[in-house]
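First the structure, in the form of structure tokens, and then the observations on it.
The values are calculated or read from the model by the stated rules, or taken from the named source; none is laboratory data. Small disclaimer: the values here were computed from a predicted structure and weren't measured. No Cβ is skipped: glycine too gets one built from the backbone with ideal geometry, and neighbour counts run over all protein chains shown. Protein only, heavy atoms only, side chains kept; ligands, DNA and RNA dropped before computing areas. Shrake-Rupley method; radii C 1.70, N 1.55, O 1.52, S 1.80 Å.
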Amino acid sequence: MIKRQQRFVNWIEKQLKAHQTQPENLFVTFGYLNRVMGALEDKKAVAKHYDERTVNVARTLMKMTNDEFLNEIAKIEYAPAELSSDGIQVLRWFKERDLNDQGNLVSNLGFLTEIVNETDQSQIASWDRQTVKVARMANHVSNDELIAIMLNCQSKAKYERLSVSKQTTHYAHFFKRNSVHKSFGSYGE
């Protein structure tokens, strides 16, 4: 799986550098992979429209957990970016999904790209206005900002893990110290 994930990052970086005068939009690149993932069931159509490497990257992306996905995103070259008001709205949308136990970042990112790529107005009307608005915002943020949004999701997860770890360590230290004091108290009596 690690080798596949490395190919994922290499493929993404190659797509971003393909147009030197104007970098490929990372959001559009994920939208393309999302369409490939949607087509994987029809083997003939996949073989006809997509090269093998792209299909393998899409399969790898489908199998990634949030942590694996975010670890790979962190490997893509980017410049740290402060979030714009649109970027903050997009991040808030991702975090709301996470709070509602719908926090699969790959699926949510794919969902936003589907909305942007949808040409049928009746389909767009079936989605709530806020989600359509967020999808359009996500399509217009810079690559660096989109990566910053994703990594902000990662920092929250890491902070929560560290917080739990620190609490566990603190409690363990507290009980150890109390048991030492009890043993000294009983020894001196």
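Could you sort 96, 82 by their accessible area in this structure, using a 1.4 Å probe and putting the largest first? Walk me through the intermediate numbers first.
Numbers: 96 85, 82 170 Å².
From most accessible down to least: 82, 96.
With every protein chain in place, what's the accessible area of residue 49 (1.4 Å probe, Å², nearest 10)?
Using a 1.4 Å probe on the heavy atoms, I get roughly 120 Å².
Sorted by accessible area (1.4 Å probe), largest first, how do 127, 93 line up?
Numbers: 127 55, 93 10 Å².
Accessible-area ranking of 127, 93, largest first: 127, 93.
Sort the following peptides by mean Cβ neighbour count (other Cβ atoms within 10 Å, averaged over residues), highest first: 141-149, 103-111.
Details: 141-149: 21.2, 103-111: 18.1.
Result, highest mean Cβ count within 10 Å first: 141-149, 103-111.
Short version: ³J(HN,Hα) in whole Hz for each residue of segment 56-62, in order, from phi by Karplus 6.51 cos²θ - 1.76 cosθ + 1.60 (θ = phi - 60°), x for Gly and Pro, what are they?
Each residue of segment 56-62 in turn: 5, 5, 4, 5, 4, 4, 4 Hz.
How much accessible surface area, in Å² rounded to 10, belongs to the heavy atoms of residue 116 with a 1.4 Å probe?
50 Å²
Charges at C-beta only: +1 for Lys and Arg, -1 for Asp and Glu. How large is the resulting dipole of segment 74-144 about its Cα centre, in Debye rounded to 20? Walk me through the numbers before you get to the answer.
Working: 7 positive and 11 negative charges, 23 e Å.
Once rounded to the nearest 20, the dipole reads 120 debye.
Once a ≥ b ≥ c are taken as the square roots of the eigenvalues of the Cα gyration tensor of segment 50-134, is the result rounded (a/c under 1.5), prolate (a/b larger than b/c) or oblate (a/b not larger than b/c)? Can you show the working numbers first?
Details: a/c = 1.67, a/b = 1.18, b/c = 1.42.
Cα axes put segment 50-134 in the oblate bin.
Once you list every other residue whose beta carbon is under 13 Å from the beta carbon of residue 16, what net charge do they have if Lys and Arg are +1 and Asp and Glu are -1? Working shown, then result.
On the way: positive: 14, 17, 75; negative: 13, 24, 77, 144.
Spelling it out: positives minus negatives among the neighbours equals -1.
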